[in-house]
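A short worksheet on the structure shown next.
The values are calculated or read from the model by the stated rules, or taken from the named source; none is laboratory data. Every value quoted in this text rests on a predicted model; they were computed, and no experiment measured them. No Cβ is skipped: glycine too gets one built from the backbone with ideal geometry, and neighbour counts run over all protein chains shown. To get the accessible areas, we keep the full protein, side chains included, count just its heavy atoms, and leave off ligands, DNA and RNA. Shrake-Rupley method; radii C 1.70, N 1.55, O 1.52, S 1.80 Å.
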Amino acid sequence: LASDDDGCTSPNFNSTVTVPVTAGSSYYVQVGGWNGATGTTDLTISNTGAGISDCNSNGQIDSCETDTDSDGTIDDCDDDIDGDGIPNACDVDQTGGIDCDVDGQDDSCQADTDSDGTIDACDDDIDGDGIPNACDVDQTGGAECDLHGQDDSCETDTDSDGTIDACDDDIDGDGILNECDLDQTGGADCNENGVDDSCDITAGEADTDSNGIPDVCEESLFIRGDANDDGGVDLADGIQILSFLFAGDSVVCPDAADTTDDGQIDISDAVALFSYQFSGGAPPTAPFPDCGTDDSSDSLGDCNGTSCAP
């Protein structure tokens with residue numbers, strides 16, 4: 001079973017052998033002298049079974065059993081038979097389980113944060129909040145100005161100004177606030193300037209009759225000669241023109257006070273009106289005697305909010 005020449009202990013260098021034995025069996029021991037020497041000798045037999053490992057208690061010395069990864073622990077007692085760093089219970093080499101990320105480890109042993117059956121390494125939405133990992137601030141740590149969990153880099157920025165639409169007061173970057181921008185509101189824009197009429201009025205555009213339509217978009221209706229805007233032409237209108245010229249009074253509609261339709265208000269307008277009323281002079285030009293619009297062009301401005309306004 002075993003043999004030995006000189007041992008390692010001086011001065012006699014006694015020989016020593018260690019052999020596995022089975023209880024109840026007989027063994028022969030042969031002792032010889034060095035170089036043919038004869039004589040007496042001491043023979044010591046010791047049971048060293050306490051130092052022999054049998055980790056699985058199957059009666060077989062571990063050194064006689066399989067140790068796949070040669071790490072000194074036989075397979076029956078080794079948590080990692082193949083020595084790949086993955087415990088047997090999680091090693092697809094041993095379990096034959098699913099390994100979606102092909103890392104050799106059974107998916108059942110890996111993290112699945114949202115418990116959806118797909119491990120984190122293979123899950124596009126680790127936390128199951130409906131936002132892909134690449135856009136989820138929980139994963140990216142990116143900016144999210146609208147505080148809904150999605151990275152701003154994944155959201156729409158129509159005008160590419162660095163502010164996503166959800167946080168941008170001017171989505172299309174045309175200089176008009178969303179609340180006033182027809183692209184956003186779909187409101188009325190009678191003067192076609194791209195701004196909702198309601199915002200034009202808020203910004204100072206005149207709406208004399210408060211009908212929600214800027215005066216610049218409404219036809220100027222008036223009666224020529226009706227300087228005091230009472231719906232008719234009479235002596236009081238000539239007096240109103242004189243008060244405007246010499247007393248600092250105002251007129252609602254400059255065109256109405258321009259009786260001669262020459263583009264200015266002066267004494268001749270009052271004279272023409274009195275002449276029509278008292279000496280058979282020519283009547284004022286249109287619009288007269290009913291409400292209408294001015295067909296001539298002058299610099300007196302529009303007449304909005306007169307008694308003729310609908």
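Going through (1) assigned to a loop (DSSP other than H, G, I, E, B); (2) open to solvent by 90 Å² or more (accessible area, probe 1.4 Å) one by one, Cys55 falls short only on (2).
Of all residues being assigned to a loop (DSSP other than H, G, I, E, B) and of a type outside the set (D, E, K, R) in segment 88-103, which is nearest to Asp136 (Cα to Cα)? Just the residue, please. Top of the filtered list is Cys100. Out of everything in segment 264-307 that is over 21 Å from Asp230 (Cβ atoms) and under 60 Å from the mean Cα position of the chain (by Cα), what residue ends up being most open to solvent (accessible area, probe 1.4 Å)? Out of the qualifying residues, it is Asp295. Would you confirm whether or not segment 181-199 contains a residue that is among the hydroxyl-bearing types (Ser, Thr, Tyr) and under 30 Å from Cys308 (Cβ atoms)? Looking through segment 181-199, at least one residue is among the hydroxyl-bearing types (Ser, Thr, Tyr) and under 30 Å from Cys308 (Cβ atoms). Total residues in segment 13-28 satisfying the condition of being open to solvent by less than 90 Å² (accessible area, probe 1.4 Å) and aliphatic (A, V, I, L, M): the figure is 2. Comparison of Cys90, Cys154 shows that the only residue that is within 13 Å of the chain's Cα centre (by Cα) and among the hydrophobic types (A, V, I, L, M, F, W, C) is Cys154. Does segment 72-87 include one or more residues that are open to solvent by 50 Å² or more (accessible area, probe 1.4 Å) and under 32 Å from the mean Cα position of the chain (by Cα)? No. Counting only residues that are among the hydroxyl-bearing types (Ser, Thr, Tyr) and loosely packed, with under 10 Cβ neighbours inside 10 Å, segment 29-42 holds 2 of them.
Scanning segment 222-250 for residues that are within 18 Å of Thr293 (Cβ to Cβ) and surrounded by fewer than 22 Cβ atoms within 10 Å (Cβ to Cβ) yields Asp229, Gly231.
A single entry from Ile45, Ile61 fulfils the requirement of being surrounded by 12 or more Cβ atoms within 10 Å (Cβ to Cβ) and closer than 30 Å to Thr18 by Cα: Ile61.
Counting only helices (runs of 4 or more DSSP H) that sit wholly inside segment 104-208, those with at least 2 residues that are among the β-branched types (Val, Ile, Thr) and either open to solvent by less than 40 Å² (accessible area, probe 1.4 Å) or without any contact (Cβ under 8 Å) to a residue 24 or more places away in the chain (or both) are 137-140, 197-202. Would you confirm, using the coordinates I've provided, whether Ala203 is farther than 30 Å from Leu273 by Cβ, touching a Gly at 6+ places or on another chain (Cβ under 9 Å), at pLDDT below 90 and small (Gly, Ala, Ser)? Taking the combined requirement at face value, the residue does not satisfy it.
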